[in-house]
Every structure is written in structure tokens, then in C-alpha cells.
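Visitor: Questions regarding the structure given below will be posed in turn.
The values are calculated or read from the model by the stated rules, or taken from the named source; none is laboratory data. Owing to the predicted nature of the structure, the values given are computational and were not obtained by experimental measurement. Neighbour counts are summed over all protein chains in view; Cβ atoms, including those assigned to glycine, are modelled from backbone coordinates with ideal geometry. Side chains are part of the model used for accessible areas, which takes the heavy atoms of the whole protein and leaves out ligands, DNA and RNA. Shrake-Rupley method; radii C 1.70, N 1.55, O 1.52, S 1.80 Å.
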Amino acid sequence: MYLEIVSPEATLFAGEVTSVTVPGVNGEFQMLENHAPIVSLLQEGKVKVKGNITIDEAFENKFSKGNDGETILPIASGTVEMKDNKIIVLAD
């Protein structure tokens with residue numbers, strides 16, 4: 001599935017991933033391929049991405065690596081939309 005992480009400054013990441021976990025306002029949840037369409041508000045927390053991910057050098061300092069080989073982006077708030085195996089995270 002395809003993921004885009006967009007901040008007010010720039011698109012921080014765009015590419016194929018295997019899973020995305022986000023901090024929803026009603027709790028953390030994960031999206032895998034063929035997940036039902038969803039739109040949700042996000043709260044402060046971590047966006048966790050799994051897959052063979054390459055981050056642009058200009059944005060590497062915003063991401064960190066987790067214990068399970070996942071790539072982590074801390075956010076203050078945002079929204080997420082998933083439809084037709086495409087996820088867009090608008091993050092602050």
C-alpha cells in the first residue's frame with residue numbers, strides 16, 4: 001500500500017509500506033493492506049511505519065528507528081485518511 005506523510009513544510013515521506021500505526025484520538029490503531037476506508041483525527045504520539053523505507057536526507061532528523069525495525073515519526077496532531085490502499089497522513 002502507498003503512504004504519504006505531509007507536514008506544513010513539505011512531504012516528509014511517500015512510498016510503499018506494509019503497515020502504518022497512528023495515534024488516533026480514541027486510541028492507537030494500525031492499517032494494513034485492504035483496510036476499510038477511514039478518516040480519523042490524530043493526537044500527539046508516534047506514527048509507526050513498517051516496510052522497506054527510504055527517508056529523504058533532508059527529513060532524516062525527524063524520524064527514528066523503533067525496536068521492531070519500524071520507522072517512527074513523532075507528531076503533535078493531525079488527520080489520516082485511507083482509501084483504496086492509499087494512506088495520507090497530514091501531520092503537525
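Visitor: State, to one decimal in nm, how far the label point of Glu28 lies from the label point of Ala76, with both points 7 Å from Cα in the Cβ direction.
Guide: 2.2 nm
Visitor: Whenever you get a sec, line up Glu4, Glu9 from highest to lowest accessible area (probe 1.4 Å, protein heavy atoms). Provide the component values of the computation, followed by the final result.
Guide: On the way: Glu4 45, Glu9 130 Å².
Ranked list, largest accessible area first: Glu9, Glu4.
Visitor: Express in % the proportion of alpha carbon pairs of the chain at distances exceeding 18 Å.
Guide: Details: 1525 of 4186 pairs.
Value for the chain: 36 percent of Cα pairs lie more than 18 Å apart.
Visitor: Can you give me the Cα centroid spacing of segment 46-92 and segment 1-26 in angstrom?
Guide: Result: 5 Å between the Cα centres.
Visitor: Considering amide H positions built from the backbone, and no H for Pro or chain starts, which residues 5 or more places from Gly66, or on another chain, come under 5 Å of its amide H?
Guide: Thr71, Ile72
Visitor: Using amide H atoms built in the peptide plane, which far-off residues or other-chain residues are under 5 Å from Ser7 H to H?
Guide: The list, which skips near neighbours in sequence, is Leu12, Ala91.
Visitor: Only residues of segment 36-70 count here: report those whose backbone N is under 20 Å from the spot 7 Å along Cα→Cβ of Ala14, or say none.
Guide: The answer is 49-63, whose backbone nitrogens lie closer than 20 Å to the label point.
Visitor: Any idea of the accessible area per residue across the chain, 1.4 Å probe, to the nearest Å²?
Guide: Working: 5320 Å² over 92 residues.
I get 58 Å² per residue for this part.
Visitor: Right, here's the next one. Grab the Cα-Cα distance for Asp84 and Thr54, subtract it from 0.36 nm times how many residues apart they are, and report the gain in nm with one decimal.
Guide: Numbers: separation 30, 0.36 × 30 = 10.80 nm, distance 2.27 nm.
Stretched out fully, the Asp84 to Thr54 stretch lengthens by 8.5 nm.
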